[in-house]
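To keep things clear, I will list the structure first and then write my remarks on it.
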């Protein structure tokens, strides 16, 4: 659905994006992760036909981004990271303006507008002034604008930027609904825990280079050679510490009061065996759990070498 091949963007001596290759399949919800200045927005501007590449190419929905511009524009819904001010324009008028720009027939526009307003839960604000909406409502209206021509691909640049916690929850729920509708979504964000909730694939970019890309759990697992396990006891147990300290699969054991944390080099059966061994020794276990890696840890470890 989206394929980028060798994308480079230079500004004089500064390289904003450096030979980026990326493929997003139909139905994917792809999280594009990176700090400010990493190259996310530059890549998005290229995909949305707003920026010419120094070199490289891309296709969206089978159309060449630099040569079939009109077809690409009809195939995408683009939500930028900033929302313009529309003084004196009502919500329905705002959507009608964009529907007209996309060439939708007047006889069909009213029903389409009602449909997208219902989808983003803004039906009650149909006749409200756009500049009188809250930030969260404006973001949902901007998303509605990207949907009015029913594009198969959505490109969203920081859709949760500047939103309060409630508005972020509402935006996340809306994106999940769009995922169920089968949309292919590229979403740029630096709010990593929220991306993990609804993205099936991610790409991590830093200083214009794509450092990692693939299914979310594959990328997360790639940062650890061993799993991390935490054991919590209800009271001190010398036998527990001795068992862990001498276990063949335990690495880098740390202890604090009645809590132990360590790397474990064994497989699932070895984890089960260790748990049974501690239980058979009457170790007063309160908690025996593997600590899962998350996107924040993955991002920090993957980018550490480049930043350093």
Across the stretch 123-162, the tally of residues that are crowded, with 21+ Cβ neighbours inside 10 Å, over 25 Å from residue 24 (Cα atoms) and out of contact with any strand residue (DSSP E or B) (no Cβ under 9 Å at 6 or more places or on another chain) stands at 2
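How many residues, within the stretch 139-151, are under 15 Å from residue 181 (Cα atoms) and in a helix (DSSP H, G or I)?
Residues of the stretch 139-151 under 15 Å from residue 181 (Cα atoms): 143-144, 146-151.
Pick out the ones that are also in a helix (DSSP H, G or I) and you get 143-144, 146-147.
Of the residues in that region, 4 qualify.
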Check your understanding: Taking the condition modelled with pLDDT of 95 or more and surrounded by fewer than 16 Cβ atoms within 10 Å (Cβ to Cβ), does residue 37 pass?
Key -> no
Contact list, first residue from the stretch 114-138 and part of a helix (DSSP H, G or I), second anywhere and modelled with pLDDT under 90 and exposed (fewer than 14 other Cβ atoms within 10 Å of the Cβ), beta-carbon distance below 7 Å, six or more apart or interchain, is 131/85; 131/87; 136/164
**Asked** In the stretch 216-232, is there at least one residue being under 30 Å from residue 29 (Cα atoms), at pLDDT 90 or above and either assigned by TED's automatic domain parsing to the domain that holds residue 157 or in contact with a strand residue (DSSP E or B) (Cβ under 7 Å, 6 or more places away or on another chain) (or both)?
**Response** yes
#### Entry: Test: residue 170 is in the same structural domain as residue 147 (by TED's automatic domain parsing), in contact with a helix residue (DSSP H, G or I) (Cβ under 7 Å, 6 or more places away or on another chain) and farther than 15 Å from residue 31 by Cβ
yes
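Residues that are closer than 22 Å to residue 161 by Cβ and in the same structural domain as residue 59 (by TED's automatic domain parsing): does the stretch 103-110 have at least one? It would help to see each step written out before you state the result.
Quick first cut of the stretch 103-110, residues closer than 22 Å to residue 161 by Cβ only: none.
No, the stretch 103-110 contains no residue that is closer than 22 Å to residue 161 by Cβ and in the same structural domain as residue 59 (by TED's automatic domain parsing).
Which members of the stretch 104-113 meet the condition of being assigned to a loop (DSSP other than H, G, I, E, B) and crowded, with 16+ Cβ neighbours inside 10 Å? Before you say what the answer is, go through the steps one by one.
Quick first cut of the stretch 104-113, residues assigned to a loop (DSSP other than H, G, I, E, B) only: 104-105.
Correct list: 104 only.
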Going through the stretch 71-103 in order, the residues found to be surrounded by 13 or more Cβ atoms within 10 Å (Cβ to Cβ) and under 23 Å from the mean Cα position of the chain (by Cα) are 72, 73, 75, 76, 77, 78, 79, 80, 81, 83
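The values are calculated or read from the model by the stated rules, or taken from the named source; none is laboratory data. The model shown is predicted, which means the values in this text are computed figures rather than measured ones. Methodologically, a virtual Cβ is constructed for each residue, glycine included, from the backbone with ideal geometry; neighbour enumeration extends over all protein chains shown.
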